[in-house]
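**Student:** I have a structure here, written as C-alpha cells, and I will follow up with some questions on it.
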Amino acid sequence: MVDAHVHLFPDPLWDAIDAWFRRHAWPNRYRLNNAGVTEFLLSRGIDRIVALQYAHRPGWARSMNRELAATCAAHPRVTGLATVFPGEPDARAILEEAFALGLAGVKLHLHVQAVAVDDPVMDEIYRCCADHGRPLVMHAGREPKSPAYPRDVYELCGAARIEPVLSRFPSLKLCIPHLGADEYDAHRRMLETHDNLWLDTAMVLADYFPYPVPWGLLAVRPERVMYGTDFPNIPYAWDRELQCILARKLDRPALERILGGTARELFGLD
C-alpha cells in the first residue's frame, strides 16, 4: 500500500499549521511531527509514503527541500516532493537542485500560495516538471474554500483553468488532489480525454464532507487514481477513507491500482 498524500513540514511550521486548521477548518485528530507521522503510518501497514510540502512564502523552498531530502535519505520508504513558491526568483533552479537531491516531483498548493493555475509565472514550473519528467501534485481544485485564504480560490482554481494547462503541456504529469473537489464531473471528463492527468482521493471518499461521495470517478480510469489520506491534517481516524474504499468491494485489479500501483508507477517507486 502507498499513501500518496502525506504532509511533512519543518518542525517550526507544524504548530502554526495545526492552529490554522483548528481556527479555519477542523480540529486535527493527530498532532505529530515528521518522525511521528512516518512511524505512525509505516507501523500500520502502509508500505510507502509520498511526502508533500508547500512553501507558504518566497525564499522558504530551498531549506524545506533540503530538509525533506534528508528525511527521505534517512527513511527509504518515504519519497518526498519538492516545493517552490510560484514566481520567486530562480524557481527553476530551486526545483532542479531539489531533483538532484533525490526529490521525486513537485507539490504546490495554490489556495495557500494565492496563485492562479494559468498565471504566467506557473509556466516555468510546468516546463521544468515536463522537461525532467517529474510529476506535479497541485491543489488546484476549488474546494475547500475558506475566507482565511489570501484570495478567493474560485478565482484562482478550477477545471476550466486546469484543462488548458493539460493541453498546452501534454508531457506534464499533473496530479490534482482530492479528486478535483468539487468539480467531479469536469475532472471525470478530463480523465477520459487527457492522458497526462492523475487524481488522488485524499479526504473525498471518507464520507466526511456534506456532499455525495463521487464513487463513479474510481471506475473511469483506476490506473490514474491514487489513495491518499492528507495525514496528519485530518479530523477523523487515519484509516476511515481506506475502510470506505474497502467497503465498496471493488474488483481486485482496480483496488490494487488505487491503493498502490498507480502511485508506484507515477512516482517511480520500487
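The values are calculated or read from the model by the stated rules, or taken from the named source; none is laboratory data. Not measured: the values here are computed from a predicted model. Virtual Cβ from ideal backbone geometry, glycine too; neighbours counted across all protein chains shown.
**Student:** Could you say which residue among Arg66, Arg44, Arg29 is basic (Lys, Arg) and either over 27 Å from Ile258 (Cα atoms) or touching a Leu at 6+ places or on another chain (Cβ under 7 Å) (or both)?
**Tutor:** That would be Arg66, the only listed residue that is basic (Lys, Arg) and either over 27 Å from Ile258 (Cα atoms) or touching a Leu at 6+ places or on another chain (Cβ under 7 Å) (or both).
**Student:** Separate question: Scan the stretch 170-223 for residues that are aromatic (Phe, Trp, Tyr) and at pLDDT 95 or above and jot them down.
**Tutor:** Passing the criteria: Tyr184, Trp198, Tyr208, Trp215.
**Student:** Let me ask something else about it. Among the numbered conditions (1) farther than 17 Å from Leu166 by Cα; (2) under 15 Å from the mean Cα position of the chain (by Cα); (3) of a type in the set (A, V, I, L, M); (4) not in a helix (DSSP H, G or I), tell me where Val115 comes up short.
**Tutor:** The failed condition is (2).
**Student:** Just to be sure before I move on: is Glu143 acidic (Asp, Glu), surrounded by fewer than 23 Cβ atoms within 10 Å (Cβ to Cβ) and either touching a His at 6+ places or on another chain (Cβ under 7 Å) or closer than 17 Å to His187 by Cα (or both) in the structure I sent?
**Tutor:** Here the answer is yes, as Glu143 does meet what is asked.
**Student:** Select from the stretch 240-270 the residues that are over 11 Å from Val2 (Cα atoms), of a type in the set (Lys, Arg) and surrounded by 16 or more Cβ atoms within 10 Å (Cβ to Cβ) and list them in ascending order.
**Tutor:** Within the stretch 240-270, Arg240 is the sole residue that qualifies.
**Student:** Let me ask something additional. Can you tell me how many residues in the stretch 130-146 are hydrophobic (A, V, I, L, M, F, W, C) and in a loop (DSSP other than H, G, I, E, B)?
**Tutor:** Matching residues across the stretch 130-146 total 1.
**Student:** Those residues that are within 16 Å of the chain's Cα centre (by Cα) and either among the small types (Gly, Ala, Ser) or assigned to a loop (DSSP other than H, G, I, E, B) (or both), I need them from the stretch 192-210; list them, please.
**Tutor:** Matches in the stretch 192-210: Asn196, Thr201, Ala202, Met203.
**Student:** Kindly provide the set of residues from the stretch 43-91 that are under 23 Å from Arg264 (Cα atoms), of a type in the set (S, T, N, Q) and not in a loop (DSSP other than H, G, I, E, B), ordered by number.
**Tutor:** Asn65, Thr71, Thr79
**Student:** Let me ask something else about it. As an exercise: evaluate Asp185 against (1) free of Cβ contacts under 8 Å to residues at least 12 places away in the same chain; (2) more than 16 Å from Val220 (Cβ to Cβ) and give the number of the one condition it does not meet.
**Tutor:** With (1) free of Cβ contacts under 8 Å to residues at least 12 places away in the same chain; (2) more than 16 Å from Val220 (Cβ to Cβ) applied to Asp185, the lone miss is (2).
**Student:** Only one residue in Leu103, Leu95 is part of a helix (DSSP H, G or I) and surrounded by 21 or more Cβ atoms within 10 Å (Cβ to Cβ), so which one is that?
**Tutor:** The conditions single out Leu95.
Okay, residues lined up against (1) farther than 12 Å from Pro10 by Cα; (2) surrounded by fewer than 19 Cβ atoms within 10 Å (Cβ to Cβ); (3) under 19 Å from the mean Cα position of the chain (by Cα):
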position: Asn34; (1), (2), (3): no, no, yes
position: Thr38; (1), (2), (3): yes, no, yes
position: Leu41; (1), (2), (3): yes, no, yes
position: Gly45; (1), (2), (3): yes, yes, no
position: Val50; (1), (2), (3): yes, no, yes
position: Ala61; (1), (2), (3): no, no, yes
position: Cys72; (1), (2), (3): yes, no, yes
position: His75; (1), (2), (3): yes, yes, no
position: Gly80; (1), (2), (3): yes, no, yes
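**Student:** Kindly establish whether Val37 is in contact with a strand residue (DSSP E or B) (Cβ under 7 Å, 6 or more places away or on another chain) and either polar (S, T, N, Q) or in a helix (DSSP H, G or I) (or both).
**Tutor:** yes
**Student:** Under the condition of being among the small types (Gly, Ala, Ser) and crowded, with 19+ Cβ neighbours inside 10 Å, which residue from the stretch 184-210 is farthest from Lys145 (Cα to Cα)?
**Tutor:** Ala206
**Student:** Would you confirm whether any residue within the stretch 173-183 is touching a Leu at 6+ places or on another chain (Cβ under 9 Å) and surrounded by fewer than 22 Cβ atoms within 10 Å (Cβ to Cβ)?
**Tutor:** Yes - at least one qualifying residue is present in the stretch 173-183.
**Student:** Looking only at the stretch 211-239, which residues are surrounded by fewer than 18 Cβ atoms within 10 Å (Cβ to Cβ) and either free of Cβ contacts under 8 Å to residues at least 24 places away in the same chain or assigned to a helix (DSSP H, G or I) (or both)?
**Tutor:** Pro212, Ala219, Val220, Glu223
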